[in-house]
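Single-structure report; data block below.
The values are calculated or read from the model by the stated rules, or taken from the named source; none is laboratory data. Note that the coordinates shown come from a computational prediction; the quantities given were computed from them, not determined experimentally. Here the Cβ is made from the backbone with ideal geometry for all residues, glycine too, and neighbour counts use every protein chain on show.
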Amino acid sequence: MSQSDSFIDEVTEEVRRERLFGLARRYGWIAILAVVLIIGAAGVVEWRKAQARAEAEDLGDALLAAMASENALARATALDGVGGTGLPGLPARFLAADSLAQSDVNAAGALLDEIAADSALPAIYRDLASLKLTMLADYPMLSDEKLVRLETLIAPGAPFRMAALEQIAAVRISRNEPSQAIDILRTILTDADASAGQQQRAQQLIVALGGEFEDS
């Protein structure tokens, strides 16, 4: 390589460095800002995670404290308002309904009905409240109303389909409608979502009702 070529290369490299430094001086603040934003966003995410964890722990402690009493009515009273409104307060409301069921079935039913009718809640929780309401022992609900509620829960793929079908069969039996009950029980036997326990109960009830089924 000649001295002239070496000189030209050095000049070219110097020009490149000068341009790079110029770009850095002009736009370097953008890179710095990007780094600051990334670090700041990561910090906010971690802070939110820590806050959510702390809130969950506080809610758990409050629920445990409210459930400490051996008196069902006292537990329900202590649970009132724990977690506030919306989803955070839903565990306390379900636990309060369970406690009230032991002392004041009408109050338990009213609370479950309130949850089932709360359009602000996700459907799965409203459906659970409706199912629990139909299963509430000694609650004054007509069998027709039970069937109406339960039949909204048995769509294919619905999360409480099998439990609702069992309850429909129970209602049919209580109404002295064995043939309709057997039809429902046979549905449970052939449903892929039914557990082994549910299928066994269905078989036993079919036999008890005088029906027949094909033993697979």
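For Ala129, indicate whether it is part of a helix (DSSP H, G or I) and either among the aliphatic types (A, V, I, L, M) or in contact with a helix residue (DSSP H, G or I) (Cβ under 6 Å, 6 or more places away or on another chain) (or both).
So Ala129 fits the description; yes.
Does Arg75 satisfy the criteria of being surrounded by 15 or more Cβ atoms within 10 Å (Cβ to Cβ), within 21 Å of the chain's Cα centre (by Cα), at pLDDT 85 or above and not aliphatic (A, V, I, L, M)?
Taking the combined requirement at face value, the residue does not satisfy it.
Take segment 123-173 and flag every residue that is more than 21 Å from Leu185 (Cα to Cα) and free of Cβ contacts under 8 Å to residues at least 12 places away in the same chain.
If the condition is that a residue be more than 21 Å from Leu185 (Cα to Cα) and free of Cβ contacts under 8 Å to residues at least 12 places away in the same chain, then Ala123, Arg126, Leu142 are the ones that fit.
Have a look at Leu153, Leu185, Leu165 and point out the one that is in contact with a helix residue (DSSP H, G or I) (Cβ under 7 Å, 6 or more places away or on another chain), outside any helix (DSSP H, G or I) and not assigned by TED's automatic domain parsing to the domain that holds Ser103.
Of the residues listed, the single one that is in contact with a helix residue (DSSP H, G or I) (Cβ under 7 Å, 6 or more places away or on another chain), outside any helix (DSSP H, G or I) and not assigned by TED's automatic domain parsing to the domain that holds Ser103 is Leu153.
Restricting attention to segment 192-208, report how many residues are surrounded by fewer than 17 Cβ atoms within 10 Å (Cβ to Cβ) and part of a loop (DSSP other than H, G, I, E, B).
Residues flagged as surrounded by fewer than 17 Cβ atoms within 10 Å (Cβ to Cβ) and part of a loop (DSSP other than H, G, I, E, B) within segment 192-208 amount to 3.
If only one of Asp98, Asp118 is under 17 Å from the mean Cα position of the chain (by Cα), closer than 23 Å to Gly60 by Cβ and without any contact (Cβ under 8 Å) to a residue 12 or more places away in the chain, which one is it?
After ruling out the rest, the residue left standing is Asp118.
Which of the residues that make up segment 87-106 are polar (S, T, N, Q) and surrounded by fewer than 17 Cβ atoms within 10 Å (Cβ to Cβ)?
Of everything in segment 87-106, those that are polar (S, T, N, Q) and surrounded by fewer than 17 Cβ atoms within 10 Å (Cβ to Cβ) turn out to be Gln102, Ser103, Asn106.
Against the condition part of a helix (DSSP H, G or I) and at pLDDT below 70, how does Gly43 come out, does it pass?
When the stated conditions are applied, Gly43 passes them.
Report, by residue number, each residue of segment 107-126 that is in a helix (DSSP H, G or I), hydrophobic (A, V, I, L, M, F, W, C) and surrounded by 14 or more Cβ atoms within 10 Å (Cβ to Cβ).
Result: Ala107, Ala108, Ala110, Leu111, Leu112, Ile115, Ala116.
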